[in-house]
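The structure under discussion appears below in the form of structure tokens.
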Amino acid sequence: MTSDDLIQEAAEIIRKSKNLAVLTGAGVSKESGVPTFRDALDGLWVQYDPAQLATRQAFQENPKLVWDWYQYRRGMVGEATPNPGHYALVVLEKRFPDMVIITQNVDDLHEQAGNTHIIHLHGNLAANKCVANCQGTPTPIDITQLEWDEDNGPPSCPYCGEHVRPDVVWFGEMLPTDALEKAIVRSEQCDVMLVVGTSGLVTPAANMPRYAQQSGAKIIEVNPDYTMISQIADVKLDGPSGQVLPKLVEALEADA
Ligand code: APR
């Protein structure tokens, strides 16, 4: 089949959908210039292993190092704007108003583009919380209200004095319960899941397409590479999401 035929086939599946879910990963933000974990380690950070920076243990051992790395990533993500892939998902939501996006991304590019039902499985890069969650889980902290020596690592929690940390999920940590529960329910309820720009390597997010398929949903994947999801996808659309998603939406709208 040509790639055009595959796009038509995917559009046909989506057209019949009554309950559409989308799972996104780092790939959907790539064309916005947001580096993945691995890409983020350039310049000063090249000597570090991301899997060792993004852990509670690393933060406990060297809070300034981990905090500075997140501040650096925040700087990069702060400059980014949505790409045509994000905007295509907004068009899709207009056609399927109950559509949900389950994302592993900690940026807010889906929100910036205009999608409204978004479940963040791995937290929010721009937000902060008390590392001890001293006022409940989570204990959000607005660091713009704090004064501290920014050259000297993270600020202290105004309630308990422990460090403030980014509100993201580190390796080895539980996902936010509410987000995970909602994601599982929506995965099991959907009849089509569009899986965009994820390697499918990191669970439990990577289990969502499996839950969907086990409940009878069709899986459509958009990714330039072969992934764990490719093995189970009903239709695999090869290519960057900034190019493929607009074509998919166009094909869908053509017969609207
Ligand atoms: N369009 C679509 N997909 C792309 C593009 C693109 N332009 N460029 C790269 N990709 C694909 C890659 O082929 C890869 O399969 O995006 C995927 C990115 O995979 P990962 O970097 O593993 O990202 P993700 O699946 O989101 O990782 C899950 O792991 O790094 C941790 O917590 C972090 O949320 C992240 C989690």
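The values are calculated or read from the model by the stated rules, or taken from the named source; none is laboratory data. These numbers come from a predicted model, not from an experiment. With ideal geometry, Cβ positions are generated from the backbone for all residues, glycine too; neighbour counts draw on all protein chains shown.
Restricting the range 181-203 to residues that are away from the ligand (no atom under 11 Å from the Cβ) and under 17 Å from the mean Cα position of the chain (by Cα) leaves a set whose member that is nearest to Val106 (Cα to Cα) is Ala183. Is it the case that some residue within the range 206-222 is closer than 23 Å to Gly123 by Cβ and among the β-branched types (Val, Ile, Thr)? No, every residue in the range 206-222 fails to be closer than 23 Å to Gly123 by Cβ and among the β-branched types (Val, Ile, Thr). At least 1 residues being modelled with pLDDT under 95 and among the hydroxyl-bearing types (Ser, Thr, Tyr) is the threshold, and among the helices (runs of 4 or more DSSP H) wholly inside the range 36-124 those reaching it are 63-79.
With respect to (1) surrounded by 15 or more Cβ atoms within 10 Å (Cβ to Cβ); (2) within 16 Å of the ligand (Cβ to nearest atom); (3) of a type outside the set (D, E, K, R); (4) not in a loop (DSSP other than H, G, I, E, B), the lone exception for Ser32 is condition (4).
The C-beta contact set for the range 4-30 (first residue in the same structural domain as His117 (by TED's automatic domain parsing), second residue crowded, with 22+ Cβ neighbours inside 10 Å and among the basic types (Lys, Arg), distance under 7 angstrom, 6+ apart or interchain) comprises Ala21/Arg186. When restricted to residues that are more than 16 Å from the ligand (Cβ to nearest atom) and either in contact (Cβ under 8 Å) with a residue 24 or more places away in the chain or farther than 16 Å from Arg15 by Cα (or both), the range 96-113 contains 6. When the range 67-83 is limited to residues that are free of Cβ contacts under 8 Å to residues at least 40 places away in the same chain and not small (Gly, Ala, Ser), the one that is surrounded by the fewest Cβ atoms within 10 Å (Cβ to Cβ) turns out to be Gln71. If you go through the range 68-95 and pick out every residue that is more than 19 Å from Ala11 (Cβ to Cβ), touching a helix residue (DSSP H, G or I) at 6+ places or on another chain (Cβ under 8 Å) and of a type in the set (Phe, Trp, Tyr), you end up with 2.
Does the range 214-225 contain at least one residue that is over 24 Å from Pro97 (Cβ atoms) and small (Gly, Ala, Ser)? No: zero hits.
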